[in-house]
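Inspection log for the structure reproduced underneath, given as structure tokens.
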Amino acid sequence: MKTVYHKSDSRGFADHGWLKSHHTFSFANYHNSERMNFGVLRVLNDDQVASGMGFGKHPHRDMEIISIPLEGDLEHKDSLGTTAVIRKGEIQVMSAGTGVQHSEYNRNKDEVVKFLQIWVIPNKLNVTPRYDQISLNENEKFNDFQQILSPNKDDDGVWIHQDAWFNLAKFEKGNAKEYQFHQNGNGVYVFILKGSAQIGDQVLNTRDGFGIWETNSFTLEALEDAEILLLEVPMEHP
């Protein structure tokens with residue numbers, strides 16, 4: 001088993017006034033040659049957008065872009081004709097493919113919006129751009145792993161053009177669960193949304209990240225009530 005530990009306060013940070021963003025991996029003006037990616041997981045941004053503010057329309061191509069709201073209402077518009085609002089308990093996915101433009105704004109005038117922006121390098125280029133979002137039953141699998149993303153259109157959660165599986169975990173203190181990898185050659189990046197947990201000898205606290213690969217499974221134990229995001233992705237990338 002190989003591992004990498006990213007303590008919360010070791011992440012890159014940008015404060016644009018209207019936007020405060022922590023970068024797990026190199027992004028925009030934050031560059032760290034040892035933090036370029038985790039396999040095909042290219043971006044994991046922890047964003048906070050001021051009321052009424054947001055990202056103006058901008059282009060993407062050949063990237064799988066996933067947004068997970070944590071607090072507030074995030075309004076999405078894109079060149080596909082989509083206008084949508086996502087909130088905590090939902091997940092949004094956009095395959096940029098041959099090219100798409102989109103904007104993301106805080107719809108609220110009196111509170112911040114917090115969300116995770118995640119980019120995954122796809123296994124297919126020049127696909128037709130698409131948008132999707134779903135609502136999650138956050139208590140459907142309490143003290144268990146709840147799949148929210150996979151490569152399969154007919155599976156639980158949204159799907160992307162990559163052999164990746166994302167799970168949310170809401171664990172009560174003292175609960176433990178073994179995670180089984182879906183595919184050889186994959187790694188899992190564990191991101192603690194809140195609370196604390198332990199994997200092997202490594203204790204993880206709020207907003208810590210821990211990557212694990214070259215193994216088939218590991219056990220995750222909640223040291224206190226915790227919400228955790230697990231991102232399983234191929235470690236080989238173009």
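Which ordering of LEU125, LEU19 is given by a fewest-first count of other beta-carbon atoms within 10 Å?
Ordered by Cβ neighbours within 10 Å, fewest first: LEU125, LEU19.
Cross-link list LYS57/LYS109; LYS7/LYS77; LYS109/LYS194; LYS124/LYS177: which exceed 29 angstrom alpha carbon to alpha carbon?
Listed pairs above 29 Å: LYS7/LYS77; LYS124/LYS177.
Is the C-alpha gyration tensor of region 65-200 telling us rounded, prolate or oblate? Criteria: a/c under 1.5 is rounded; beyond that, a/b larger than b/c is prolate, otherwise oblate.
Oblate, since a/c reaches 1.5 and b/c is not below a/b.
Taking region 1-80, which trypsin sites (Lys or Arg not before Pro) meet the DSSP loop condition and have no more than 15 other C-beta atoms within 10 Å?
Passing sites in region 1-80 are LYS7, ARG61.
So how do HIS16, HIS23, HIS237, HIS161 line up by other beta-carbon neighbours within 10 Å, fewest first?
By the 10 Å Cβ count, ascending, the order reads HIS16, HIS237, HIS161, HIS23.
Counting other Cβ atoms within 10 Å, which trypsin sites (Lys or Arg not before Pro) in region 103-192 have at most 14 and lie in a DSSP loop?
Those satisfying the criteria are LYS109, LYS124, LYS153, LYS173.
Report the local net charge at SER10: Lys and Arg +1, Asp and Glu -1, summed over other residues whose C-beta lies under 12 Å from its C-beta.
With Lys, Arg at +1 and Asp, Glu at -1, the neighbours total +1.
Please label the shape of region 106-148 as rounded, prolate or oblate, based on the square roots a ≥ b ≥ c of the eigenvalues of the alpha-carbon gyration tensor (a/c under 1.5 means rounded; beyond that, a/b larger than b/c means prolate, else oblate).
Since a/c reaches 1.5 but b/c is at least a/b, the shape of region 106-148 is classed as oblate.
Using only Cα atoms, what Kirkwood radius does the chain have, in angstroms?
18.0
Enumerate the calculated ³J(HN,Hα) couplings along region 206-223 in order (Karplus 6.51 cos²θ - 1.76 cosθ + 1.60, θ = phi - 60°), each rounded to whole Hz, writing x wherever the residue is Gly or Pro.
3, 6, 6, x, 8, x, 9, 8, 6, 7, 9, 6, 7, 10, 10, 10, 7, 7
Need one word for region 11-135: rounded, prolate or oblate. Basis is the Cα gyration tensor (sqrt eigenvalues a ≥ b ≥ c); a/c below 1.5 gives rounded, then a/b vs b/c decides.
oblate
For the chain, what is the relative contact order in percent, using Cα pairs closer than 8 Å and at least 6 residues apart in sequence?
Normalised by residue count, the contact order of the chain is 20 percent.
What net charge is computed for the residues neighbouring LYS141, neighbours being all others with C-beta under 12 Å from the C-beta of LYS141, Lys and Arg scored +1, Asp and Glu -1?
-2
If you build a Gaussian network model of the chain, linking Cα atoms that sit under 10 Å apart, which residue out of MET94, MET63, MET53 swings the most?
Checking each option, the largest mean-square fluctuation is seen for MET53.
Laboratory data are not the source of any read-out in this text; all were calculated from the coordinates shown. Source: prediction; values computed, not measured. So basically every Cβ, Gly included, is an ideal-geometry build from the backbone, and we count neighbours across all protein chains shown.
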